[in-house]
Amino acid sequence: MLALAWLSLCAVAWPTPTARASTSVWPPLRLAAETVTVGAISVTGLEVELRSDGELTARFERVAGEDGETVLAVTGLGGRLDELDSVGDTTTASGRIRAWGLDGGWTLQAAAAGIALELAVSDQSLKVLAGLPGAPDELHWLQGGRFDATVLLDWPAERAASWRAVMSADDVGFDSPDGRFAGQGLAFEIRGEGAELELAGAGITARVTHGELLLDRLYRRFDETPVDFELASAGAADPTVLTLRLNDPGAVRLDATVDWPGTESAGPSIDVKSLSLDFPGAYQRYLESIAAAWDLDGLEVTGRVAWQGAWRNGELESGDLDIFDLSVVDSRRQRFALTGFQTRLKPGDRAFESRLSWQGLLLGKLNLGDGVAILDAEPGLLSLKEPLLLELFGGELRFDALRYALPGARTEAGRDTFVSASLRGIELELLTQALGWPVFGGTLNGELPGAHLEDGVLSVDGGIGVEVFDGAVAITDLRIERLFGVLPSLAANVELRNLDLERLTDTFSFGRIGGRVDGYMHDLRMLDWRPVAFDAWLGTPEDQRGTQGISRQAVNHLTSIGGGGATAALSGPMLRLFNNFSYRRIGLGCRLDNYVCDIRGLDDDGSGVLLLEGAGVPRITIRAYNRAIDWPQMVANLAAISAGESIEIGSGSNP
């Protein structure tokens, strides 16, 4: 733009010819000026020279804008004059210009009514833009592409100057050094116009028609669905305010105003007049690539979302949200489904009742049905106004508290997601059938006093209590990272108290073992929902007295865990008459590290680890002689036992 202004300066200084000239020989001309001002632009140290062969050279020391700040330092330009024509008071000149690697044509028309200048370049390499004065470093990312551009400048004698420009580019490619930003085969057109040779008050429109674009996690392909942009400045009266519009038919429509003061102390203020997301287009074109980081790609999404609100200094100040018949179904992985989701939220409006409703909610194989939630909505923050009850397998799932902070929520409102819930009267027979687990009866009760999700990390306040197998399970220090991402990790400590061992072993077809059992799993670490480390123990409570029964099947399975020494004894002539035995104590521990389970028991006599201390007649004692067991094989054996299949017994030093 400033280079074009310089050409206009040349026109002002040019002597008006009296006849048409088109020749290869020109009278030499040299122009020097300490300062030349055109409109809001001033040029100092200007030197212009025309040689007899038509070659033009120019040099200036400084170009400054209206505020006096330098926008161009010492620069040299080249070109040529090809034609000069004068008709009446109008003079027309044309030729070529070379600057910063660009090579284009120019046409200048000067008259009493004003000056008009046109500059056009065609089939230029986009890479030359990296050499423009003040060009951002990101232009060095360009790897290919060609463009055409035309700029028209008009300096009327009695009106403000104005400009118009159009640029089209094709086969554009770029790649950032870290690979987060890239484009390939992009094609677009940009048009703009404004006054006073400035961007204040200017309007710019753009259309992207072809190619692929990667912006961090956002991937967009434009070949079948072009996108239109519009950017307009409020003008000199309010130069920091821009109007932004985006239209992607069938996906996204945006109309917003952005006020960017450009100071470190004040962030941008954004007023969104309307934002409409139409699905499935908005998901497929914009959201799916981002959601893939949490394994939320491949979803079937329908419906529409509309939002309007304000963003001030990095925080949401207001925002009205409407969701119309939204359905999100994970048909590929079958993890969840939400159908008929509707909402009308007016955060901060106490006279309006904000609510959510849905027709169907499926989490895995848990069908939670329909529901309605009454919300206490603040800007950027959604929370339950009253408890939410959902019927589940003959019982209920109750959410006493649920808070979700949107990106940009006010600091005092909290930045995390919080939930407090409980389970009451869940029929385990229905639950285990739905989950495809071994079926067992009873009811499930549990408490989740509080859980926080912040920066992708789920942490639990206190502990989670679950009542199962007529005993209690307590989970503490629970922490889950990347809950919906790649390779989720879990850390926790688990305590088992007074579980009914007979119910537990019958459930998994292990064989009947009577009595009660306590246990723990300390320092549990899971990666991708598979255990990689823990220190676990399951054994007879210290306060249990007397003896309990154990079946032949359970003896065989317990023996197989450590390559123990009771199976051979059970095959003896006398013991084949017995199917049930008695025991006094049972205990099995495992410290998992590097996929190896280090077995321990009630005691260790140096030759074997005691797993079961028998009682009565006949007396059965079980020892494990293989202390280091391959964990994947042990899991496979336990799964085979539960399914009633044959198992593989590891070798050991059985004396």
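Give me the one-decimal nm value for the distance between modelled label points at LEU527 and LEU430, 7 Å along each residue's Cα-to-Cβ direction.
4.0 nm
What length, rounded to one decimal in nm, is gained on full extension from LEU483 through to ASP216, with 0.36 nm per residue of separation minus their alpha-carbon distance?
Length gained between LEU483 and ASP216: 94.0 nm.
For ASP325 and ARG164 in one chain, what is 0.36 nm times their gap in residues minus the Cα-Cα distance, to one decimal in nm?
Details: separation 161, 0.36 × 161 = 57.96 nm, distance 4.46 nm.
53.5 nm is the gain from fully extending ASP325 to ARG164.
Which of the GluC sites (Glu not before Pro) found in segment 299-370 are in a DSSP loop and have at most 15 neighbouring Cβ atoms, other than their own, within 10 Å? Display every interim value, and only then the final one.
Working: sites: GLU300, GLU315, GLU317, GLU353; in loops: GLU353.
Filter output for segment 299-370: GLU353.
If you scale each eigenvalue of the Cα gyration tensor by 5 and take the root, what three semi-axes come out for segment 307-371, rounded to whole angstrom and sorted largest first?
Values for segment 307-371, descending: 29, 15, 9 Å.
Apply the Karplus curve 6.51 cos²θ - 1.76 cosθ + 1.60, θ = phi - 60°, to the phi angles in segment 126-137 and return the couplings in whole Hz, x for Gly and Pro.
Per-residue couplings from phi come out as 5, 4, 5, 5, 5, x, 5, x, x, 5, x, 4 Hz.
List the GluC sites (Glu not before Pro) within segment 155-237 that fall in a DSSP loop (any state other than H, G, I, E or B) and whose Cβ has at most 12 other Cβ atoms within 10 Å.
Sites meeting the loop and neighbour criteria: GLU158, GLU224.
Take ALA120 and THR90, extend 7 Å from each Cα along the Cα→Cβ direction, and tell me the distance between the two endpoints in nm.
1.7 nm
Got a number for carbon plus sulfur as a percent of segment 408-548's accessible area, 1.4 Å probe?
In segment 408-548, the share of accessible area belonging to carbon and sulfur is 55 percent.
When you have a sec, figure out the Kirkwood radius of segment 332-403 from all distinct Cα pair distances and drop it here in Å to one decimal?
In segment 332-403 this quantity evaluates to 13.3 Å.
Starting from 0 in steps of 5 Å, tell me what percent of the Cα-Cα pairs of segment 85-171 lands in each bin.
In order of increasing distance, the bins hold 3, 13, 19, 20, 17, 12, 9, 6, 3, 1, 0 percent.
Cα gyration tensor of segment 145-205, axes a ≥ b ≥ c as square roots of the eigenvalues: rounded (a/c below 1.5), prolate (a/b > b/c) or oblate?
prolate
Compute, for segment 79-140, the length of the dipole vector about the Cα centre, with Cβ point charges of +1 (Lys, Arg) and -1 (Asp, Glu) only. Units Debye, rounded to 20.
With only Lys, Arg, Asp and Glu charged at Cβ, the dipole is about 160 debye.
The values are calculated or read from the model by the stated rules, or taken from the named source; none is laboratory data. These numbers come from a predicted model, not from an experiment. Cβ sites come from the backbone with ideal geometry, for glycine too, and all protein chains shown count toward neighbours. When the accessible area is computed, the model is the full protein with side chains, heavy atoms only, and any ligands, DNA or RNA have been set aside. Shrake-Rupley method; radii C 1.70, N 1.55, O 1.52, S 1.80 Å.
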